[in-house]
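First the structure, in the form of structure tokens, and then the observations on it.
The values are calculated or read from the model by the stated rules, or taken from the named source; none is laboratory data. These numbers come from a predicted model, not from an experiment. Counting neighbours? That spans all protein chains shown, and the Cβs are built from the backbone with ideal geometry, glycine included. Only protein heavy atoms, including side chains, enter the accessible area calculation; ligands, DNA and RNA are left aside. Shrake-Rupley method; radii C 1.70, N 1.55, O 1.52, S 1.80 Å.
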Amino acid sequence: MKPYGLILAGGGAKGAYQMGAWKAMREMGIKIEAIAGVSIGAINGALIAQGDYDRAVELWNKVEVADGINFTGELKDPNNLFSKSNMVQIVKEVIKNGGVDATPAKELIAEYIDEEKVRESNLPLGLVTYNLSGMKAVEIFVDEMENGKLVDYLMASARFPGLANQGPDDQSYFDGGVYDNAPISVLRDRGINRLIIVDISAMKGMAHRQDLSNADIIFIRPYEPKDLGEPFEFEKEKNQMRIEMGYLDTKKAFGYLSGRCFYFMPKDYRILQQKYGFRVANDMELLGFSLGMERLKIYNAKEFVEILKQEYVNCKSEKTEVRQVLGRTIIPRSEERKEVLKAILSKDKKVNYKFKFAIDLLDEMTEGMEPEEVPAEPEESLIPEQIKQEETTE
């Protein structure tokens, strides 16, 4: 298999998704010939260059907002540094000290990233930051850096607005994502045209070049990026969810799994499409997503349809149980669910057109069904062996 260049976008805590992508790529035997990253993507790139997945995940499991900063006073929201409830305190810190001191985060990164190992890996690693002093972008590879400066450059690439300045010298730097949050050109300028892009943010940067011409590109991104949470929402449970989603999405991107917003083994997805048709199968997924069905699991065709039917009946009956899905609280009577309910019950074809084909079918399939509670907890979390074992039966 020919190697790929790996592009890792920035996105703060959402970067745990890239760890899941790396896990899947390791299992599939995907070879990487170079990496370019921005912000958290640059930090993850250094972890990947070292080649120690377990140690990288160990770092992600240790990351918490409180342990990454020196802060005067107590944060109102300790799990999300830049949440609205912390803004007054952040502004005071910027005025008083030039920003929130992230020295503890730098020390933690230095503990887990061994510059010598990164250099010895012979895996080119490039990153992007923005030099505010010179008002210019800095695109630099590790072999172009002065020895001992890798962590300083990583901190410069990840300097989010509101954090105190850190960098390789006394100049002022800014998060590289502001300039280019998915630096495709960094590797394309080196002649690398086979790329894997792991994108975790809607922001692309003021100078981003979507240079996709004559390239072989695998694009990995969540179906609903909002499910990854906020950039400074560092919580172990959310990180685990992000890792699992990145793993599943990467397996899907390479054809080991199928589905639009849910996950199926390819043979099961074909069964769903063959039985109900492409359009109805697609509408079923979209409806299931809007109804808040559990997503981080691999469905077979029969199981998916049975759960969808029950969720549909519950929604029609305006059942109001509260459940946790992907770290969000899904309430059937929330604004989103009200719109789904409106679509389901409306006789106006313009309103329910989004799910029209699935709704027409489900009305027939669920006639006489009674509402009942769907289990709140997902079944056992996906483990790689599940996919491996089922692949062999393809």
Query raised in the report: More than 16 Å apart: what percent of Cα pairs in the range 133-185 qualify?
Result: 38
Query - In Hz, Karplus ³J(HN,Hα) per residue of the range 134-139 (6.51, -1.76, 1.60; θ = phi - 60°; x = Gly, Pro) - result: x, 6, 8, 6, 10, 10
Requested in this report: Just read off the accessible area of residue 139 with the full protein assembly in place, 1.4 Å probe, to the nearest 10 Å².
Outcome: 80
**Report entry** Segment residue 53-residue 143, length gained on full extension (0.36 nm per residue, minus Cα span)
**Finding:** 30.1 nm
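Could you calculate the contour length gain from residue 211 to residue 74, that is, 0.36 nm times the residue separation minus the distance between their Cα atoms, to one decimal place in nm? Don't skip to the end; give the middle numbers.
Working: separation 137, 0.36 × 137 = 49.32 nm, distance 4.47 nm.
The span from residue 211 to residue 74 would gain 44.8 nm if fully extended.
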Requested in this report: Can you tell me the FRET efficiency between residue 302 and residue 223 if r is taken as the Cβ-Cβ distance and R0 is 25 Å, rounded to the nearest 0.05?
Outcome: 0.65
Requested in this report: Residues in the range 142-182, backbone N under 15 Å from the label point at residue 91 (7 Å along the Cα-to-beta-carbon vector): list them, ranges by number please.
Outcome: 162
Query - Inter-site label distance for residue 135 and residue 61 at 7 Å from Cα along Cβ, in nm - result: 4.8
Query raised in the report: Under a 5 Å amide H to amide H cut-off, with H placed in plane at 1.01 Å, what residues pair with residue 100 once short-range neighbours are removed?
Result: 163, 164
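If the limit is 26 Å between Cα atoms, which of 275/309; 2/297; 31/252; 2/226 go over it?
Numbers: 275/309 16 Å; 2/297 30 Å; 31/252 17 Å; 2/226 33 Å.
From 275/309; 2/297; 31/252; 2/226, over 26 Å: 2/297; 2/226.
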Query raised in the report: Taking 0.36 nm per residue of separation and subtracting the Cα-Cα distance, what length does fully extending residue 28 through residue 202 add?
Result: 59.9 nm
Query raised in the report: Under a 5 Å amide H to amide H cut-off, with H placed in plane at 1.01 Å, what residues pair with residue 232 once short-range neighbours are removed?
Result: 13, 82
Query raised in the report: Where both partners of a DSSP beta bridge lie in the range 92-224, what percent of those bridges are antiparallel, to the nearest 5?
Result: 60
Query raised in the report: Sequence-distant or interchain residues sharing an amide H contact under 5 Å with residue 10, placed H: which?
Result: 38, 41
Requested in this report: Might you work out the accessible area of residue 235 for me, using a 1.4 Å probe with all protein chains in place, and round it to the nearest 10 Å²?
Outcome: 50
Report task. Compute the FRET efficiency between residue 261 and residue 122 as 1/(1 + (r/R0)^6), taking r as their Cβ-Cβ distance and R0 = 45 Å, and round to the nearest 0.05. Result -> 0.70
Query raised in the report: Tell me, what ³J(HN,Hα) does each residue in the range 25-42 have, in order and in whole Hz, if you take phi through Karplus 6.51 cos²θ - 1.76 cosθ + 1.60 with θ = phi - 60° and put x for Gly and Pro?
Result: 5, 4, 4, 7, x, 6, 8, 10, 9, 6, 10, 10, x, 10, 6, 5, x, 5
